[in-house]
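Asks: Before anything else, here's the structure in question.
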Amino acid sequence: MSTLLESAYATLLPAFAGLELDGAVRDFLASGGCSLLLGEARAEYLARAMSAERQGSETREQFSQLVAEARELAGQDLLIAVDQELGGILRLHRLVPALPGAAEARALGSSELVQQSAAVAAAARAMGVNLFLAPIVDVVTGENPWLQNRTLGTHAEEVSRVGGAYVSGVQQAGVAAVAKHFPGHPVTPLDPAVAEAVVECSRDELQPTLGVFAELIAGGVQAIMVGPALVPALDTQEPSSTSAATIALLRGEMGFTGLIVSDDLDAPGIHRGRSIEVTAVASIKAGADLLLLSSEAGLDSVARELVEAVKKGEITEARLRDAARRVRALAAQLASVKG
C-alpha cells in the first residue's frame, strides 16, 4: 500500500505552461504525483489562444518526450491533461486536427461532431495526452465575463447534444473528458479567476445546467470539474470546489461515480483569502479527488498539509486514500486502452 504522503501527492494536478519538467514537478512525480496539466501562460488564458511563438515552436515530439520523461520519473501511469475546448482554449493548437467553434458545432450533426472530436483526441493520445479539461457545459443566460465566448450555447438541449457528442468522441479515442463547471454559472458578474465571484441565481435557474450534467453522467462522462464560484442556491458559505453540499448533490442525488476535479485552487473565487494548503484540505474534505493548482503553489507544502489534516482528524484517512485511488484508477484505465 502507498504511504499517506504518496496518496496526498496523487491528489494534486499541477499546471505549468511550458514543455519542460522543472525541479518542483520532478520532485512531485518522484514523490507519488501522477497527474500533470500542460497549461497555458496567463496571457494565453485571457486571450483564449496560444501565442504565435508557441504555435511556431512547439512540436508533437516535445509533448511525447515530456510524457515519456514524466512516466519514467513517476514509475506509474499518469493523467496528462490539457484544455482542449470547443469554442474556447485550444492548448494543442495546430498539433492536432481543428475542433469546430461553438456556432459551427451547433450546426453539425451529432455523428460528425463525434468523429471530429475523436480525431482530435486520437492525435492527442498519440502524443501522450489522455485527459481533456472540456467540454464547458454551463448554460449561461446572463452576464458572465469568465465564460464569455467559451460556452456551447444558451439552450440546454443544444449544450447537451454538442457536449455529449464531444464527450462520446473523445472517450471513444481513449481520452477522458472532464465536463465543467458543476453546478453551472448562468449569471456570474465577476470573474472567479480574479475575484470572489458569486453565482446570482436560484436553484430553478441552475436546473438547465444540472440537466445537462445528468445527461452526460448517464452517457458515461469519466470526470467532472466543480466550479470556482460561490453558488448560494446550493451553499451559502463555500464555493463549489470546497462545498460538501455541492459535491454531495453530484455524488448522491445525481449518482456520479467518476473522478471529481476541483477548479483552480489558486483562484480568488475558491480560496477567498485562505492559504492554498487550507483550501486544498477543504476541497478534499468536501469530496473532490483531484486538485488543480499551479506547479509553483508549493506542492510539497500542500501534500504535507493534507497528511497533517488526517493526523488532526480534519479529514479521514479513508477520504484521502479514496481520492488518490480514483485518480490512479483512471490513469490505469486510460493506459490500458488499445490504440
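The values are calculated or read from the model by the stated rules, or taken from the named source; none is laboratory data. Everything numeric here is computed off the predicted structure, so don't read it as measured data. Note: ideal-geometry Cβ built from the backbone for every residue, glycine included; neighbour counts use all protein chains shown.
Let's see how each residue does on (1) more than 15 Å from the chain's Cα centre (by Cα); (2) of a type in the set (S, T, N, Q); (3) modelled with pLDDT under 95:
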{"position": "THR3", "(1), (2), (3)": "yes, yes, no"}
{"position": "GLU6", "(1), (2), (3)": "yes, no, no"}
{"position": "GLY32", "(1), (2), (3)": "yes, no, no"}
{"position": "ALA41", "(1), (2), (3)": "yes, no, yes"}
{"position": "TYR45", "(1), (2), (3)": "no, no, yes"}
{"position": "ALA52", "(1), (2), (3)": "yes, no, no"}
{"position": "GLY56", "(1), (2), (3)": "yes, no, no"}
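Asks: State the number of residues belonging to the stretch 239-285 that are in contact with a Lys or Arg (Cβ under 9 Å, 6 or more places away or on another chain) and part of a loop (DSSP other than H, G, I, E, B).
Replies: Residues that pass the stated criteria total 4.
Asks: Any idea how many residues of the stretch 175-229 are in a helix (DSSP H, G or I) and over 18 Å from the mean Cα position of the chain (by Cα)?
Replies: Counting residues in the stretch 175-229 that are in a helix (DSSP H, G or I) and over 18 Å from the mean Cα position of the chain (by Cα) gives 9.
Asks: Would you mind telling me which numbered condition in (1) without any contact (Cβ under 8 Å) to a residue 60 or more places away in the chain; (2) under 20 Å from LEU78 (Cα atoms); (3) of a type in the set (A, V, I, L, M) ALA286 fails?
Replies: (2)
Asks: Considering only residues that are touching a residue at least 40 places away in the same chain (Cβ under 8 Å), over 16 Å from the mean Cα position of the chain (by Cα) and either buried (at least 24 other Cβ atoms within 10 Å of the Cβ) or closer than 15 Å to GLY184 by Cα (or both), which ones fall in the stretch 240-254?
Replies: SER243, THR246, LEU249, MET254, listed by residue number.
Asks: For the stretch 102-139, what are the residues that are surrounded by fewer than 24 Cβ atoms within 10 Å (Cβ to Cβ), touching a helix residue (DSSP H, G or I) at 6+ places or on another chain (Cβ under 8 Å) and not in a helix (DSSP H, G or I)?
Replies: Passing the criteria: LEU108, MET127, GLY128.
Asks: Give just the number: which of (1) at pLDDT below 95; (2) under 28 Å from GLY33 (Cβ atoms) does ALA102 not satisfy?
Replies: Only one criterion in (1) at pLDDT below 95; (2) under 28 Å from GLY33 (Cβ atoms) is unmet by ALA102, namely (2).
Asks: Of the residues GLY88, GLY18, which is modelled with pLDDT under 95 and crowded, with 17+ Cβ neighbours inside 10 Å?
Replies: Testing whether each residue is modelled with pLDDT under 95 and crowded, with 17+ Cβ neighbours inside 10 Å leaves just GLY88.
Asks: Which condition number in (1) closer than 17 Å to ALA324 by Cα; (2) surrounded by 17 or more Cβ atoms within 10 Å (Cβ to Cβ) is the one that THR257 fails?
Replies: (2)
Asks: Say whether the condition of being more than 23 Å from ASN130 (Cβ to Cβ), touching a residue at least 60 places away in the same chain (Cβ under 8 Å) and polar (S, T, N, Q) is met by at least one residue in the stretch 208-222.
Replies: Looking for residues that are more than 23 Å from ASN130 (Cβ to Cβ), touching a residue at least 60 places away in the same chain (Cβ under 8 Å) and polar (S, T, N, Q), one finds at least one in the stretch 208-222, hence yes.
Asks: Based on this model, can you work out whether ILE315 counts as outside any helix (DSSP H, G or I), more than 30 Å from VAL120 (Cβ to Cβ) and modelled with pLDDT of 95 or more?
Replies: yes
Asks: Here is a follow-up. Being aliphatic (A, V, I, L, M) and under 28 Å from THR279 (Cα atoms), is that true of even one residue in the stretch 154-164?
Replies: Looking for residues that are aliphatic (A, V, I, L, M) and under 28 Å from THR279 (Cα atoms), one finds none in the stretch 154-164, hence no.
Asks: Let me ask another. Tell me the helices (runs of 4 or more DSSP H) entirely within the stretch 1-101 that contain at least 1 residues that are out of contact with any helix residue (DSSP H, G or I) (no Cβ under 8 Å at 6 or more places or on another chain) and more than 23 Å from ALA122 (Cα to Cα).
Replies: The helices (runs of 4 or more DSSP H) meeting that bar are 23-30, 42-47, 52-57.
Asks: Separate question: Can you tell me which of (1) surrounded by 15 or more Cβ atoms within 10 Å (Cβ to Cβ); (2) within 11 Å of LEU4 (Cβ to Cβ) is the one GLU317 doesn't meet?
Replies: Of (1) surrounded by 15 or more Cβ atoms within 10 Å (Cβ to Cβ); (2) within 11 Å of LEU4 (Cβ to Cβ), only one is false for GLU317: (1).
Asks: Taking the residues in the stretch 141-174 that are within 19 Å of the chain's Cα centre (by Cα), in contact (Cβ under 8 Å) with a residue 24 or more places away in the chain and part of a loop (DSSP other than H, G, I, E, B) as candidates, determine which candidate is surrounded by the fewest Cβ atoms within 10 Å (Cβ to Cβ).
Replies: Selected residue: ASN149.
Asks: So, one more: Out of everything in the stretch 191-205 that is in contact (Cβ under 8 Å) with a residue 60 or more places away in the chain and aliphatic (A, V, I, L, M), what residue ends up being farthest from ASP266 (Cα to Cα)?
Replies: So the residue we want is ALA197.
Asks: Which members of the stretch 33-53 meet the condition of being of a type in the set (Gly, Ala, Ser) and crowded, with 23+ Cβ neighbours inside 10 Å?
Replies: Passing the criteria: GLY33, SER35, GLY39.
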